[in-house]
Structure formats: structure tokens, C-alpha cells
2 protein chains.
Amino acid sequence: MTESVLDYMTRLGRAAREASRVTARATTAQKNNALLAAARALDAARAALLAANEQDLANGRTNGLDAALLDRLALTPARIDGMIEGLRQVASLPDPVGAIRDMSYRPSGIQVGKMRVPLGVIGIIYESRPNVTIDAASLCLKSGNATILRGGSEAIHSNRAVATCIQQGLAEAGLPPACVQVVETTDRAAVGALIAMPEFVDVIVPRGGKGLIERISRDARVPVIKHLDGICHVYVAAHAELDKAQRVAFNAKCHRYGICGAMETLLVDQCVAAEFLPKMAAQFRDKGVELRGCARTRAIVADVLEATEEDWHTEYLAAILSIRVVDGLDQAIEHINHYGSHHTDAIVTEHQGQARRFLAEVDSSSVMLNAPTCFADGFEYGLGAEIGISTDKLHARGPVGLEGLTCEKYVVIGDGHVRG
Amino acid sequence: MTESVLDYMTRLGRAAREASRVTARATTAQKNNALLAAARALDAARAALLAANEQDLANGRTNGLDAALLDRLALTPARIDGMIEGLRQVASLPDPVGAIRDMSYRPSGIQVGKMRVPLGVIGIIYESRPNVTIDAASLCLKSGNATILRGGSEAIHSNRAVATCIQQGLAEAGLPPACVQVVETTDRAAVGALIAMPEFVDVIVPRGGKGLIERISRDARVPVIKHLDGICHVYVAAHAELDKAQRVAFNAKCHRYGICGAMETLLVDQCVAAEFLPKMAAQFRDKGVELRGCARTRAIVADVLEATEEDWHTEYLAAILSIRVVDGLDQAIEHINHYGSHHTDAIVTEHQGQARRFLAEVDSSSVMLNAPTCFADGFEYGLGAEIGISTDKLHARGPVGLEGLTCEKYVVIGDGHVRG
């Protein structure tokens, strides 16, 4: 095309801003109709989706993508089922838009409250997995936002095919095509343009590796909802029931090694370490988890590698676990707030006072009591779906669902009252 | 001193981060004690405060500060009363920290809810007015945050004297001095350092002119809660009661010209323009407000200057008003969303359907019905006090009080449940 990438992105941005006025005032029924029609369109387009995906996979194999990347890229009948099911689930969620809370009279006579409203235009930048196209588009639409989706170039044919189904859904519901736009160029300059249009884009959600997210956060001229490290801890406290602690810690590490909520460091109170650690270590070893411990851990369990300062800072996302014996609650909280990534941290204890302090004082997006850190997930939390897990403190913190894609404005109602 | 500004600010930052752990777990009583003790200290230090302020005023006169700036800088007995009263009001506000909401059971057996917690360390950058030192410190402390305050160099003696009183309050309540730190150097590099320490500072709140705020937003490496333009509108709709409309519009413009909630553009529905505008214009002219209008306005009211495209974009903060006659609700909403600054906009109407649409579709931090835009204010909204008015969409929107200085984290409680 003769149009520059910048002109192209500006055109998408302007169209998205206009469409966001329409999505903001669309009725719940209209939004749900679009989602359900898109689900039907996906179901009808299975052959086309698989064919488009096969093109991407063939290109990927030619370009030497590794097995893990190819797997993430692949659409299967089951994954198409998942996308369809996801659309139906989002349609069934309550609509957050328009809810008014805390409306009360002020001494001046005016009533003041807050109304939940969409953010406006949301830019999503992601890699590989074509199902993100559906997840992101459906959550943004349901929350009344327009979306610009910029997927990885390796998934361009799959994303286009998915986008066609979304467009069909929008059309059936009488919504303009610009409510959901998929960036059609694979030129990298499109990302640079997307993150630098504050007049058209209200927030960027990058989904992908840490490198991508750091780069986007650094260069963006619009707010970014970001998800960086998940260095999660389980602290087995003095008053833990040890069988419960073992169950929780094992699940926290081994449910899946590669998720951000996986435990990376196990903290064990010195009061229970001698009793707890040998059994726990044996279970991890049976599972093939490499253990790295502090001196006190190594004095209790033989053949544990020495954990270095570096280990306490590391998100392994693998079958490796660091273990530290701590003096008590204070040291556990201090360790977590210092070395952790403020993502998700758990205590196992039956002691109410210690639990209360841990939950209040650990500065993480999720704090847990007698539950494994791997529960940190939008579906598990009842958000219906998540667009990502935020490690930011401002705006959305933790799994981000529909509410995180909205904000609140003040509503003031008077009857000709004036300020004195 | 031999310490570099960067080293000095890093030292403040580290101390603030440590103190933030203490403020986060401080009890409501302890925080209130500190606020009330600071109020007593201010009351006892009136002579010292006025003497320190006189030093700043003398320097200001020597340096040729204009009358408006000198006025903002001046402490008077009444302004000291105001600071004392402010501290007592903040002490009397409910403590937002620790509130848990929406705790519910999930199918897995875990309970999930949200707990309100402090942001951590808040950096405040402001100009001239010494009372900001008290406003900011008290709101940040009550919401469980540590604060670093960087006031204008022209107010350094006043701010130090105020800080002494705050320190006395902290000491009486047993809280560490680093809970509230006033930057002691007037070196401008201190600002650059403060906004680039994401490891120590969680959010920056700049209070001052647009230039200051834009510069800080551009350079900051931490999130900024910012307040830019207030281009506010009142739309007198077809079904407005015109006497009510006139009262509201007059108050919106004339309560105070210099506040961000002052009306800058009046939109009048074509159905009522001929009846409404002549009386309204006469009242504004009696008050000395200069009127600039569109062609239709000028056809109704004689001697109105022609409004240019530039006028619709302008925040006058002065006795100037632009007036446009619009075709109806759609054009009014379009004008506001296009030319406005998404701050505060009002409709005057008795028509329920039109009011509902205006409140939902105008994309501003405050939307008002039959009330003047000048009500946009933390005290008027019942926040008790405000640290500023946010024109951002993410996190806090509109007047920012205690809640805007906190965030929510997820709390998950199980009893040894695991993820399947």
C-alpha cells in the first residue's frame, strides 16, 4: 500500500475513538448479541480457521520457530471450541457499564455518586496465540470499549480469520466494524505508532514475554497495564498444619511450572522446618523438582544445592525451587516484600493473628491463606475471563477482568443548586 | 553538603519505602493521633510559622514575585487556622485501609475478595502554597502512605516550619520521621531524581501549573496522577427550566473564574436560545464577563465578539465566556467530547431521557445534571479533602481523596484447597 504505517495506524486510531462512543452506549443485549453471533461465526468457519492457521504453522516451520512456539500458535478443534465457549461465557457475565454506587446527598443539596464507564480505546499487543484475539476482543467489547489488536506476525493469517468472525458478529448486532480492529500490517512500526497515540488510545495491554512488556512500558506515551515477574512465595508458618502445608506448597509449585502464579520460593518457619522439610523435599524430588536451599535448609535435607542471592530474585518458571528457613513471621514478610515481585504470596497457618498480619502486610496483588499461589487467575477468581494479570499498583492490580477495563466517573445531580 | 542531590534523594526514597511498611500497618488511632498532635503543634508554633513565612515573602519581594504569587505564598492567622482545621477534618474521616469487599466462595472452595491497601510511597511536587504541605501530608498519612514532599523553593522556610510541626505529630504518635519527609534542598535536580525512582516511589502527584505537570508527566518513570485542563461546559437543553439554567450557568462561570471547574463554554439549545440568551448575556455583562459567540449567538445577542475555533479549545480561567447555539443533545455531546478536556460538564434539563443520555455519554470525570460545574471539588463531594483533581482515566478520576491514594489487592482464603 502507498499509505505509511503511521497514517494507517492513525486511521485505525481515529476510527476506534469514534467507535468507542458507540460501544460505550451500546446496550448489554447488543453487546451480547455481537458476542454470540461471533461464536456462531467461529463455529461455522472451522475449516477456514484451520486452513489459515495451517498457513501460519507452515511459515513458522519454515522460519524455524521452536516446538513450544508452534504449539502456542496452533489452532485445534478443541481450541476453537475453547474460543466459542469463551465468547459465550463473556456474554453471560454481568455488564459492568453504567452501575452507579454511593449516591448520597451532600450538605449543599447536590447528590454525588460514581458511575462505572468504559475506558475508551484499548490497544492489545500480543504474541503467537490466536485465541488472545477472541479473549481480548470479547472482554473489551463487553466492557464497552473499542479495541485495536496487534498480534504477532507469525499468527497473522489465523488472526485475520478470527477477525472475520468477530466482524460478522458486530455486523449482526448492528455495531460498526471499528469496534474491534485487527492491525493488518506486520510492520513493527505499527506497535510504535499504537503506543504513542494518546489522543486515540486510552490504555495499552501488552501480553507476552518480559522483554516485550518492558520495551512497551518504556516507550509508551499512554498508560500501560503491565504484567512483569511472578516471584511467588509460600510461607509455612509455625502454626501450620503440616499435611495441609505440604499439599498447598506442592500444588503451588507443580500445578504448572510455567505460570506466573507458580511458587518459586518456599519459606519455612524454623519451628517446623525439621519436621516439615524432609517429607516435602522427598515429594518434590519424586516429581523431579530441583531444590536449592539456605544453610539451615541444607542442614536438614541432604544434597540440596546452595541457594545464592540470585536465586531469591529469580522467577524460574521451571522445575526448580528455592527454600529458605526463616526465624518467623517478620522475617517471612520482610523476605517476600524485599525479594518478591508483589504478584502472589501465601501463608499456611491456623493462627488467626499471624494470618491477619500476613494478609495485611504482604504488599502483593494477591495474598493467600492456606491456598496455593497458582490460584491467581481470572477464571479461578470468578472474573469470567482475564485480559492479563497486572503487577501494577495503580488502577487494576492482579487478574484483570471486565472491571479492570472500566473506570468510574462522578455523577452529580442537583435541582438548580449553586455553590455558595 | 558533600552528598550529591541524587544520593540525598535516594536516601529519602529508601527511608520512605521503609517507613511505608510502618504507615501501612499503623492503626487508625495511631494515624489520627499523629494528625491531631500535628494540629496542636501548628497552633503552638504560630509565631514561628509567621516568622518563617515572612522570610519567604521578603525573599519573594526581592526576587520580584508578582502579587498573585506572593498572595499564594502568604501565611496568615486565618490560613493557619485552615491548616489546623484541615488536619482535624482528615483525622475525622473514615480510614479506608483494610476494608474487605465482595468476599465470596468460588466453585473450587476458595474464598476471594478485595482488600483496600495504601499505594506505598507518594511523591508530591507543588508550588508556592505552604498549606499544601499539610493537605498532602495528612491525606497520605491517613491513607497509610509515606510521603516525600517537594515544595517550591520560594516557600522553603515556610515548608520547613510546617514540617517541624508534622514531625512533632509523628513523634507523639510513635511513628518514624520518614513517614513524611520534606525535601530540604532547593536544587531542581531533586525533582528529576524523585520522579525516576520506581523502586522507592509508587506514584507522583504534581500540583501546579500545566507546564509543571506536563513536564513531570513526560519525564516521570513512575505513574503520575495528573490534573491538566478544565475546559468545562454547561449545556442548556430544550427542556431546561430557564431560570434554573440561568442560575446554574451564572454560578458555574462566576463562583470563581480561576478554578478548574469554572465553565468556559456555554452551549444553548436552539429551541430556547432566543428566549434564554438575552437575559443570560445581560447578567454576565453586568458582572463584567466578556462574551464570545458563534454566528447564531451573535444573531440573538448584539455586540458579542466572534468566537474562533481556538476559543472552543481554551481554558480562560478568567472573566471570558464562549457561547455556542447547538442543534440539540447530540451536537452538545459531540462538542463536549471533542473540544472539552474531559473534566466536568453539566446539562440543565428536566427531560429524564436526555439527562440519562448526557450523563452516560459525556466522557468526563464529572458529569452533572442541573448543577454548576464549579461543584467539582473534593470537599463538595464529601471526600473531606482532596490531593488534586485527576483528569486521567486510569486509577483515580476526578477529585482525589483518601480512596484515590489507595488500591485494592486480592485476598484469597482456603483451607488447604488445591487447584485441580
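For B:A163, state whether it is crowded, with 24+ Cβ neighbours inside 10 Å, touching a Ser or Thr at 6+ places or on another chain (Cβ under 7 Å) and among the hydrophobic types (A, V, I, L, M, F, W, C).
Values: crowded, with 24+ Cβ neighbours inside 10 Å: no; touching a Ser or Thr at 6+ places or on another chain (Cβ under 7 Å): yes; among the hydrophobic types (A, V, I, L, M, F, W, C): yes.
Taking the combined requirement at face value, the residue does not satisfy it.
For the range A:397-413, which positions are more than 9 Å from chain B (Cβ to nearest Cβ) and outside any loop (DSSP other than H, G, I, E, B)?
Quick first cut of the range A:397-413, residues more than 9 Å from chain B (Cβ to nearest Cβ) only: A:400-406.
Residues satisfying the conditions are A:V400, A:E403, A:G404, A:L405, A:T406.
State yes or no: is A:H343 under 26 Å from A:F250 (Cα atoms) and either surrounded by fewer than 23 Cβ atoms within 10 Å (Cβ to Cβ) or among the polar types (S, T, N, Q) (or both)? Before the answer, list the steps.
Details: under 26 Å from A:F250 (Cα atoms): yes; either surrounded by fewer than 23 Cβ atoms within 10 Å (Cβ to Cβ) or among the polar types (S, T, N, Q) (or both): no.
In short, no.
So which residues in the range B:86-128 are more than 14 Å from chain A (Cβ to nearest Cβ), farther than 25 Å from B:M197 by Cβ and not hydroxyl-bearing (S, T, Y), if there are any at all?
Of the range B:86-128, the ones more than 14 Å from chain A (Cβ to nearest Cβ) are B:86-88, B:90-93, B:124-128.
Adding the requirement that they be farther than 25 Å from B:M197 by Cβ leaves B:86-88, B:90-93.
Within the range B:86-128, B:G86, B:L87, B:R88, B:V90, B:A91, B:L93 qualify.
Considering each of B:R218, B:R298 in turn, give the residue that is assigned by TED's automatic domain parsing to the domain that holds B:Y126 and either of a type outside the set (S, T, Y) or over 22 Å from B:T314 (Cα atoms) (or both). Break it down stepwise before answering.
On the way: B:R298 fails: assigned by TED's automatic domain parsing to the domain that holds B:Y126.
Of B:R218, B:R298, the one residue that is assigned by TED's automatic domain parsing to the domain that holds B:Y126 and either of a type outside the set (S, T, Y) or over 22 Å from B:T314 (Cα atoms) (or both) is B:R218.
In this structure, does A:Y410 turn out to be aromatic (F, W, Y) and closer than 30 Å to B:Q354 by Cα?
On the way: aromatic (F, W, Y): yes; closer than 30 Å to B:Q354 by Cα: yes.
When the stated conditions are applied, A:Y410 passes them.
Taking only the range B:196-253 into account, find how many residues are assigned to a helix (DSSP H, G or I) and under 16 Å from B:T344 (Cβ atoms).
Pass one, the range B:196-253, residues assigned to a helix (DSSP H, G or I): B:210-219, B:242-253.
Then keep just the ones that are under 16 Å from B:T344 (Cβ atoms); that gives B:248-249, B:251-253.
Counting residues in the range B:196-253 that are assigned to a helix (DSSP H, G or I) and under 16 Å from B:T344 (Cβ atoms) gives 5.
If you scan the range B:302-318, which residues turn out to be surrounded by fewer than 19 Cβ atoms within 10 Å (Cβ to Cβ), farther than 15 Å from B:K253 by Cα and not charged (D, E, K, R)?
Those that are surrounded by fewer than 19 Cβ atoms within 10 Å (Cβ to Cβ), farther than 15 Å from B:K253 by Cα and not charged (D, E, K, R): B:A302, B:L305, B:T308, B:H313.
Condition first: basic (K, R), more than 30 Å from A:D43 (Cα to Cα) and crowded, with 16+ Cβ neighbours inside 10 Å. Can you find one or more residues in the range A:177-199 that meet it?
Of the range A:177-199, the ones basic (K, R) are A:188.
If we keep only those that are more than 30 Å from A:D43 (Cα to Cα) as well, we get A:188.
Right, trim to crowded, with 16+ Cβ neighbours inside 10 Å and you get none.
No, every residue in the range A:177-199 fails to be basic (K, R), more than 30 Å from A:D43 (Cα to Cα) and crowded, with 16+ Cβ neighbours inside 10 Å.
Can you confirm whether B:L65 is touching a residue at least 24 places away in the same chain (Cβ under 8 Å), of a type in the set (A, V, I, L, M) and not in a helix (DSSP H, G or I)? Before the answer, list the steps.
Values: touching a residue at least 24 places away in the same chain (Cβ under 8 Å): yes; of a type in the set (A, V, I, L, M): yes; not in a helix (DSSP H, G or I): yes.
It is true that B:L65 is touching a residue at least 24 places away in the same chain (Cβ under 8 Å), of a type in the set (A, V, I, L, M) and not in a helix (DSSP H, G or I).
From the residues in the range A:102-134 that are within 18 Å of A:L87 (Cβ to Cβ) and touching a helix residue (DSSP H, G or I) at 6+ places or on another chain (Cβ under 6 Å), which one is surrounded by the most Cβ atoms within 10 Å (Cβ to Cβ)?
Of the range A:102-134, the ones within 18 Å of A:L87 (Cβ to Cβ) are A:122, A:124, A:126, A:129-134.
Now restrict to residues that are touching a helix residue (DSSP H, G or I) at 6+ places or on another chain (Cβ under 6 Å): A:122, A:124, A:126, A:129-131, A:133-134.
Details: A:I122: 27, A:I124: 26, A:Y126: 22, A:R129: 22, A:P130: 29, A:N131: 18, A:T133: 26, A:I134: 27.
Per the stated criteria, the residue is A:P130.
Can you run down the residue pairs with Cβ atoms below 8 Å, 6 or more apart or on separate chains, where the first is in the range B:30-59 and farther than 21 Å from B:S92 by Cα and the partner is of a type in the set (K, R)?
Listed pairs, sorted by first residue: B:A52/B:R160.
Which residues, counting only those in the range B:129-151, are free of Cβ contacts under 8 Å to residues at least 60 places away in the same chain and assigned to a loop (DSSP other than H, G, I, E, B)?
Listed by number, the residues that qualify are B:R129, B:G151.
Kindly indicate whether B:V112 is more than 24 Å from the chain's Cα centre (by Cα) and over 15 Å from B:V90 (Cβ atoms). I'd like the intermediate steps shown before the answer.
On the way: more than 24 Å from the chain's Cα centre (by Cα): yes; over 15 Å from B:V90 (Cβ atoms): yes.
The answer is yes for B:V112.
Here is a list: A:G293, A:G288. Which entry is over 11 Å from A:I323 (Cα atoms) and of a type in the set (G, A, S)? Break it down into steps so the answer makes sense when it comes.
Numbers: A:G293 fails: over 11 Å from A:I323 (Cα atoms).
Answer to the selection: A:G288.
A quick yes/no check of all residues on (1) part of a helix (DSSP H, G or I); (2) within 9 Å of chain A (Cβ to nearest Cβ); (3) not small (G, A, S):
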site	(1), (2), (3)
B:A360	yes, yes, no
B:D363	no, yes, yes
B:V367	no, yes, yes
B:A371	no, yes, no
B:G382	no, yes, no
B:E386	no, no, yes
B:I389	no, no, yes
B:D392	no, yes, yes
B:H395	no, yes, yes
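So which residues in the range A:207-249 are surrounded by fewer than 23 Cβ atoms within 10 Å (Cβ to Cβ), touching a residue at least 40 places away in the same chain (Cβ under 8 Å) and touching a Phe, Trp or Tyr at 6+ places or on another chain (Cβ under 7 Å)?
Answer for the range A:207-249, where residues must be surrounded by fewer than 23 Cβ atoms within 10 Å (Cβ to Cβ), touching a residue at least 40 places away in the same chain (Cβ under 8 Å) and touching a Phe, Trp or Tyr at 6+ places or on another chain (Cβ under 7 Å): A:R207, A:G208.
Taking the range B:398-420 as the region of interest, how many residues are of a type outside the set (G, A, S) and in contact with a Lys or Arg (Cβ under 8 Å, 6 or more places away or on another chain)?
Here is the first cut: in the range B:398-420, the ones of a type outside the set (G, A, S) are B:399-400, B:402-403, B:405-413, B:415, B:417-419.
So of that shortlist, the ones also in contact with a Lys or Arg (Cβ under 8 Å, 6 or more places away or on another chain) come out as B:402-403, B:406-411, B:415, B:418.
Residues in the range B:398-420 being of a type outside the set (G, A, S) and in contact with a Lys or Arg (Cβ under 8 Å, 6 or more places away or on another chain): 10 in total.
Residues of the range B:25-71 being among the hydroxyl-bearing types (S, T, Y) and surrounded by fewer than 14 Cβ atoms within 10 Å (Cβ to Cβ), which ones? Outline the logic, then answer.
Here is the first cut: in the range B:25-71, the residues among the hydroxyl-bearing types (S, T, Y) are B:27-28, B:62.
Listed by number, the residues that qualify are B:T27, B:T62.
Yes/no matrix, rows are residues, columns are (1) under 30 Å from A:F200 (Cα atoms); (2) β-branched (V, I, T):
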{"residue": "A:A24", "(1), (2)": "yes, no"}
{"residue": "A:T27", "(1), (2)": "yes, yes"}
{"residue": "A:L36", "(1), (2)": "yes, no"}
{"residue": "A:A48", "(1), (2)": "no, no"}
{"residue": "A:N59", "(1), (2)": "no, no"}
{"residue": "A:A68", "(1), (2)": "no, no"}
{"residue": "A:M83", "(1), (2)": "yes, no"}
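The values are calculated or read from the model by the stated rules, or taken from the named source; none is laboratory data. These numbers come from a predicted model, not from an experiment. Cβ: placed from backbone, ideal geometry, glycine included. Neighbour counts: every protein chain shown.
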